[in-house]
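All remarks here apply to the structure that follows.
The values are calculated or read from the model by the stated rules, or taken from the named source; none is laboratory data. Bear in mind the structure is a predicted one, so any value in this text is a computation, not a measurement. Because the Cβ atoms are built from the backbone with ideal geometry, glycine has one as well, and the counts that use them run over all protein chains shown. Accessible surface areas use protein heavy atoms only, side chains included; no ligands, DNA or RNA. Shrake-Rupley method; radii C 1.70, N 1.55, O 1.52, S 1.80 Å.
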Amino acid sequence: FAEMNTAMNNLVAAYPNLVTKTSIGKSIENRDIWAIKISDNVATDDNTEPDILYMGLQHAREAIGGSSMIFFMQYLCEQYALDPRIKSLVDAREIYIIPCVNPDGWEYNRTNPNTAPQWVNTNWRKNRRGGYGVDLNRNYSADWANCSGQTCNPANAGSCGSSSTSSDTYYGTSAFSEPETQAVRD
């Protein structure tokens, strides 16, 4: 998480006219949830341009999601002055990137001493609410706790989520019950 923050800070320092970094809220363990905005008018909210949101690491064990977001934001900034396609993309949109929606789960994986190798616990994916955690990807309001709808794959009903706190897909007590999903929503 510290390395992600350093990468974001370095990007803001290198491209202050294209990039801002903002905390959109706090996690359950009081870590900032950082968002990067990339735009040719980065200091203003341009209502004429569509907003695009990319998010990584909702599931703490999916490290490539956070890395991909860091690399993507670096690529956009590094190529802005070199590639007319990237310049056009950035100039016509407000791009928001949250590399780590779940900083607590990420740090838990990184620091859990009962894991081999010690830097990654491939079994933990949820946030850290009460030691049992909530699957942030299933804590949004769209079809929250609805495992009978058409969006659910009948061959894998568990993919819809679970009301059991011990499940990897526990969807929480209500839609947006978690500070991480509230921060994204707000």
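Things worth noting here:
- Considering only residues in the stretch 82-104 that are over 19 Å from Asp46 (Cα atoms), surrounded by 20 or more Cβ atoms within 10 Å (Cβ to Cβ) and not β-branched (Val, Ile, Thr), the one that is farthest from the chain's Cα centre (by Cα) turns out to be Asp104.
- Note on the stretch 36-53: among residues that are of a type in the set (A, V, I, L, M, F, W, C) and over 30 Å from Tyr170 (Cβ atoms), the one that is surrounded by the most Cβ atoms within 10 Å (Cβ to Cβ) is Ile38.
Conditions (1) within 18 Å of Val101 (Cα to Cα); (2) in contact with a Lys or Arg (Cβ under 8 Å, 6 or more places away or on another chain); (3) buried (at least 17 other Cβ atoms within 10 Å of the Cβ), marked per residue:
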| residue | (1), (2), (3) |
| --- | --- |
| Ala2 | yes, no, no |
| Met8 | yes, yes, yes |
| Leu18 | no, no, yes |
| Ile28 | yes, yes, yes |
| Trp34 | yes, yes, yes |
| Met55 | yes, no, yes |
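- Selected residue [part of a helix (DSSP H, G or I), within 23 Å of Trp124 (Cβ to Cβ) and either modelled with pLDDT of 95 or more or open to solvent by less than 10 Å² (accessible area, probe 1.4 Å) (or both)] from Ile64, Ile70: Ile70
- Given (1) free of Cβ contacts under 8 Å to residues at least 24 places away in the same chain; (2) in a loop (DSSP other than H, G, I, E, B); (3) under 21 Å from Phe176 (Cβ atoms), number of the condition Thr44 does not satisfy: (3)
- Taking first residues from the stretch 84-113 that are under 14 Å from Ala2 (Cβ atoms) and modelled with pLDDT of 95 or more and partners that are part of a helix (DSSP H, G or I) and open to solvent by less than 10 Å² (accessible area, probe 1.4 Å), the Cβ contacts under 7 Å between residues at least 6 apart in sequence or on separate chains come to Pro99/Gly66; Cys100/Gly66.
- Asn127 vs. criteria in a loop (DSSP other than H, G, I, E, B), at pLDDT 90 or above and closer than 30 Å to Ser39 by Cβ: yes
- Matching option when the condition is over 17 Å from Glu107 (Cα atoms), of a type in the set (D, E, K, R) and part of a loop (DSSP other than H, G, I, E, B), among Glu49, Glu29: Glu49
- The one condition in (1) over 17 Å from the mean Cα position of the chain (by Cα); (2) closer than 30 Å to Val134 by Cβ; (3) among the aromatic types (Phe, Trp, Tyr) that Phe71 fails to fulfil: (1)
- If you go through the stretch 73-103 and keep only what is assigned to a loop (DSSP other than H, G, I, E, B) and of a type in the set (S, T, N, Q), you end up with just Asn102.
- From the list Cys160, Cys152, the lone residue that is at pLDDT below 90, surrounded by fewer than 17 Cβ atoms within 10 Å (Cβ to Cβ) and touching an Asp or Glu at 6+ places or on another chain (Cβ under 9 Å) is Cys152.
- Filtered residues of the stretch 17-31 (kept if without any contact (Cβ under 8 Å) to a residue 24 or more places away in the chain and either over 29 Å from Gly131 (Cβ atoms) or in contact with an Asp or Glu (Cβ under 7 Å, 6 or more places away or on another chain) (or both)): Thr20, Lys21, Thr22, Ser23
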